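What follows is calculated from the coordinates using simple rules that are stated; it is not laboratory data. Predicted, not measured: the structure shown is a model, and the values here were computed from it. Please note: Cβ atoms are built from the backbone with ideal geometry, for glycine as well, and neighbour counts cover all protein chains shown.
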Amino acid sequence: MSTSAHSVVEPTGRTKAIAGSLVIAYALITMLPLVWIFLTALKTPPDSISYPPKIVFTPSLEGFCNLFTTRSRQTEDYIKSLPPASGTCEQIARARNMVVAGPSNYVPRFWNSVVIAFGSTFFAVALGTMAAYGFSRFRVPLADDLLFFILSTRMMPPIAVAIPIYLMYRELGLSDTKFGMILLYTAVNVSLAVWLLKGFIDEIPREYEEAGMIDGYTRLQAFRKVVLPQAATGIAATAIFCMIFAWNEYAFAVLLTSGEAQTAPPFIPIIIGEGGQDWPAVAAGTAIFLVPIVVFTVLLRKHLLRGITFGAVRK
């Protein structure tokens, strides 16, 4: 009687089923808060705070209208004297005896997030790439100590340096400026970029550059035409991590910005409606705020997966 043996490499059907079930369960658990946010964004304020929570409800755009507009309460006689409502948001406001007074500050705050996050990510990755190339290809005195010092800047909690940075920014006139926030987030992210990219560049064979320089390339040309294309996977993966931090950062944004350079994370929680927190507007702002970072990650997801698992080109 022969016995069948399973390969240690190829998983069995039962193992695949268990692994698939665990992945699906984990995905459902992690997606539940996001689904709840999107559902809350489509509720009316009374439905958003009802108890028990409503799963089945009539969708409404009131949360999005409250997010993008400011409203003022008026008397019923004044509402009746107005011409017919010209848009959905105006109709929703008048149904609650209100009129749209103007746009809210959400769009400027959202745009500040875009400028600061993408700007700091670009500079952090650019500086990190050049520094990582230097550590990887040249004999740098005390390289290990310098790399540890660079990494140690990420170990310190933001609150520990918040007050010194606040005082420094106030003296330099960088408080509540986009340039100041880009500079700060770049300084925070460059340490992560250096460590990640050094690992990728270490795996690119030096022979590629040497062959290019034999053909007449300068060191800079070899870096630009040989190393950068080979390190594209690592650069994309690093950009995603830097972007996520800059996009979601809250502590420094609260401390160092208040108006001109305020980003969306500190603005969304203070959206106040009539009678208290406007939860549908908060959920709508959160849902919209998630879209760019999700799109950015999805567009680079292949690079992210390959970068985390395999790194760049191996010898």
* Structure fact -> Counting only Cβ distances under 4.7 Å between cysteines, those in the chain with no partner are Cys242
* Treat every Asp and Glu Cβ in the stretch 48-122 as -1 and every Lys and Arg Cβ as +1, leave all other atoms uncharged, and give the resulting dipole magnitude about the Cα centre to the nearest 20 debye. => 100 debye
* Asked: Given the C-alpha centroids of the stretch 51-126 and the stretch 210-273, what is the distance between them in whole angstrom?
  -> 30 Å
* Structure fact -> Between the Cα axis of helix 106-137 and the main Cα principal axis of the chain, the angle (0 to 90°, nearest 10) is 10 degrees
* Asked: Counting each DSSP H run of 4 or more residues in the chain as -39500 (n - 2.57), what helix-only mean residue ellipticity at 222 nm follows after dividing by all residues, to the nearest 500 deg cm²/dmol?
  -> -20500 deg cm²/dmol
* Asked: List the lysines whose alpha-carbon lies under 24 Å from that of Lys225, not counting same-chain residues fewer than 8 positions away?
  -> Lys198, Lys302, Lys315
* Which is farthest toward the positive dipole end of the chain among Val227, Leu167, Cys65, measuring Cα position about the Cα centre, with Cβ charges +1 (Lys, Arg) and -1 (Asp, Glu)? -> Val227
* Asked: Relative to the Cα centre, what is the charge dipole magnitude of the chain, using +1 at the beta carbon of each Lys and Arg, -1 at the beta carbon of each Asp and Glu, and rounding to the nearest 20 debye?
  -> 560 debye
* Highest-fluctuation residue, Pro45, Pro266, Pro229 considered, GNM on the chain with Cα pairs under 10 Å -> Pro229
* To do: Could you state the angle between the C-alpha long axis of helix 158-172 and the longest principal axis of the C-alpha atoms of the chain, as a value from 0 to 90 degrees rounded to the nearest 10?
  => 80 degrees
* Asked: Is the stretch 171-217 best put as rounded, prolate or oblate by its Cα gyration tensor, with a ≥ b ≥ c the root eigenvalues, rounded for a/c under 1.5, and otherwise prolate when a/b is larger than b/c, oblate when not?
  -> prolate
* Where is the GNM fluctuation largest for the chain (alpha-carbon springs, 10 angstrom cutoff): Lys302, Lys16, Lys54? -> Lys16
* Structure fact -> Heads up, the stretch 20-67 by the C-alpha gyration tensor (a ≥ b ≥ c square roots of eigenvalues; a/c under 1.5 rounded, else a/b over b/c prolate, else oblate) looks prolate
* By its C-alpha gyration tensor, with a ≥ b ≥ c as the square roots of the eigenvalues, how is the stretch 53-129 shaped: rounded for a/c under 1.5, else prolate for a/b larger than b/c, else oblate? -> prolate
